[in-house]
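Visitor: Take a look at this one; I'll ask things after.
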Amino acid sequence: MNITNIAIIGAGNMGHQIAVCAALAGFRVRCTDTNGAILDQAIAFADTYLTGRVTKGKLTQEAADQARARLAFVPMLEEAVADVDLVIEAIIEKLDVKRALFAQLDKLCPAHTILATNSSYIVSSKIADATSRPDKVCNMHFFNPALVMKLVEVVKGPHVSQETVDTVMTAARTMGKTPVLLHKEIYGFLVNRFLQATRQEALKLLDMGVASHEDIDTAVMNGLGYPMGPFQLLDLTGLDLAYHVGMEKYRETGDPADRPSPTVVEKFTKGEWGKKVGKGFYDYES
Ligand code: 3HC
């Protein structure tokens, strides 16, 4: 199946960058969000980013204009998904909210449309049965910042057709990404299993008072060669995401070890969600 039109649902941390990335790759993109302020921020980002690429000499003015013309930010879901071939959902990490959205998408989208979720942890088999097309519901997981990070994890759950997987892998390659295919559904896919392990260790060391978050970041960057330390990365991906993901897992397993760490709960409660709000472990206002 050829993908021409893509809809991105959710213009937040991930969605707005996936939208720009897809438009730059030549797809016609409609991005929507129920929150008008988030949508306005996404529009401002797209304009600033594309202008910045031209100024930096990374993009011609013509290519930037063409990408911008292919990209629309629309408030109504119905408008975003009309004539769409591929939907990439990037909304809040709450299973019931995602299931409700997919049921709605199933009714609104053409019969051929593939419904992909960018969820970090929720496997698509938990969502697919909310639709009448489980063979066309899969995970397509991008990494933050989505315009920069090359990896996309595509997961072939037991309900997903080979055609769906092939189409999504091809779309990811067209977007300039390097997709990897998981043959089985597993919590955290590949990368987030590694990420979770280092993150938990970092939070444990901080909660034990072994070192400051700055020094833990410095140690990981300089001792392991990571481009960012675990706390800088938490600020980038969002403390709210870390909290919701932890709570979803805890609700599912009931295992206290799966609860978000006290530090994550505290940051979440204070609204210190990271870079997007100007404060997380680090202060971005200054
Ligand atoms: N958005 C868009 N582009 C960005 C960006 C952003 N937030 N931050 C940096 N860039 C671009 C710059 O424009 C620059 O592009 P250019 O070279 O083509 O001009 C390039 O990235 C390098 O930027 P900088 O020189 O300013 O900064 P760095 O070299 O330090 O790179 C980084 C920044 C790419 C964010 C790098 O620090 C990095 O790779 N960090 C690790 C990110 C990571 O691990 N992501 C995965 C998170 S886990 C995840 O997403 C899973 C989810 O489920 C939680």
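Taken together, the values in this text are just the output of simple stated rules run on the coordinates, not laboratory data. Since the structure is predicted, the reported quantities are computational estimates derived from the model, not experimental observations. With ideal geometry, Cβ positions are generated from the backbone for all residues, glycine too; neighbour counts draw on all protein chains shown.
Visitor: Taking a quarter of the surface of the convex hull around the Cα atoms of the range 164-286, what do you get in nm²?
Guide: 9.8
Visitor: What percentage of all Cα-Cα pairs in the chain are separated by more than 32 Å?
Guide: That tail contains 25 percent of the Cα-Cα pairs.
Visitor: Using the Karplus curve 6.51 cos²θ - 1.76 cosθ + 1.60 with θ = phi - 60°, what ³J(HN,Hα) values do you get for each residue of the range 117-131, in whole Hz, with x for Gly and Pro?
Guide: The phi angles translate into 10, 8, 3, 6, 9, 7, 6, 5, 5, 7, 10, 4, 6, 7, 10 Hz.
Visitor: Which one, M247, G12, A146, projects farthest toward the positive side of the charge dipole computed for the chain from Cβ point charges (K/R +1, D/E -1)?
Guide: Most positive-ward Cα: A146.
Visitor: Just to confirm the number: angle between the C-alpha axis of helix 15-24 and the first principal axis of the chain, 0 to 90 degrees, nearest 10?
Guide: 50
Visitor: Follow-up question, since we're still on this one. Per-residue counts of other Cβ atoms within 10 Å, averaged by peptide: what ranking do you get for 213-222, 126-135, 7-16, highest first?
Guide: 7-16, 126-135, 213-222
Visitor: Grab the range 5-182 and count how many Lys pairs have their alpha-carbon atoms under 12 Å apart, sequence gap of 8 or more, or different chains.
Guide: Going through the range 5-182 pair by pair, I get 4.
Visitor: For T60 and R259, compute 0.36 nm times the residue count separating them, minus their Cα-Cα distance, and round to one decimal in nm.
Guide: Contour length minus Cα-Cα distance gives 66.9 nm.
Visitor: Normalised by the residues of the chain, what does the relative contact order come to in percent, with Cα pairs under 8 Å and at least six apart?
Guide: That works out to 14 percent.
Visitor: Output the 0 to 90 degree angle, nearest 10, between the alpha-carbon long axis of helix 213-224 and the longest principal axis computed from the alpha carbons of the chain.
Guide: 70
Visitor: Need the full-extension length gain, Q104 to R193, defined as separation in residues times 0.36 nm minus the C-alpha distance. One decimal, nm.
Guide: Additional length available on full extension: 29.0 nm.
Visitor: Right, here's the next one. Could you rank the peptides 251-261, 267-277, 110-120 by their average count of other C-beta atoms within 10 Å per residue, with the highest value first?
Guide: 110-120, 267-277, 251-261
Visitor: What does the helix-only formula give at 222 nm for the chain: each DSSP H stretch with n ≥ 4 adding -39500 (n - 2.57), the total divided by the residues, and the result rounded to the nearest 500 deg cm²/dmol?
Guide: -14500 deg cm²/dmol
Visitor: Right, here's the next one. What shape does the range 1-158 have by the C-alpha gyration tensor, where a ≥ b ≥ c are the square roots of the eigenvalues, rounded means a/c under 1.5, and otherwise prolate means a/b greater than b/c and oblate the rest?
Guide: In terms of gyration-tensor shape, prolate.
Visitor: Of all DSSP beta bridges in the chain, what percent run antiparallel (nearest 5)?
Guide: About 20 percent, rounded to the nearest 5.
Visitor: Order these peptides, 28-34, 155-161, 137-143, by their mean beta-carbon neighbour count within 10 angstrom, highest first.
Guide: Per-residue mean Cβ counts within 10 Å order the peptides as 137-143, 28-34, 155-161.
Visitor: Calculate one ³J(HN,Hα) per residue across the range 195-212 by plugging θ = phi - 60° into the Karplus curve 6.51 cos²θ - 1.76 cosθ + 1.60, and present them in order as whole Hz with x for glycine and proline.
Guide: 3J(HN,Hα) across the range 195-212, in whole Hz: 4, 4, 5, 5, 5, 4, 5, 4, 5, 5, 4, 5, 4, 7, x, 6, 7, 6.
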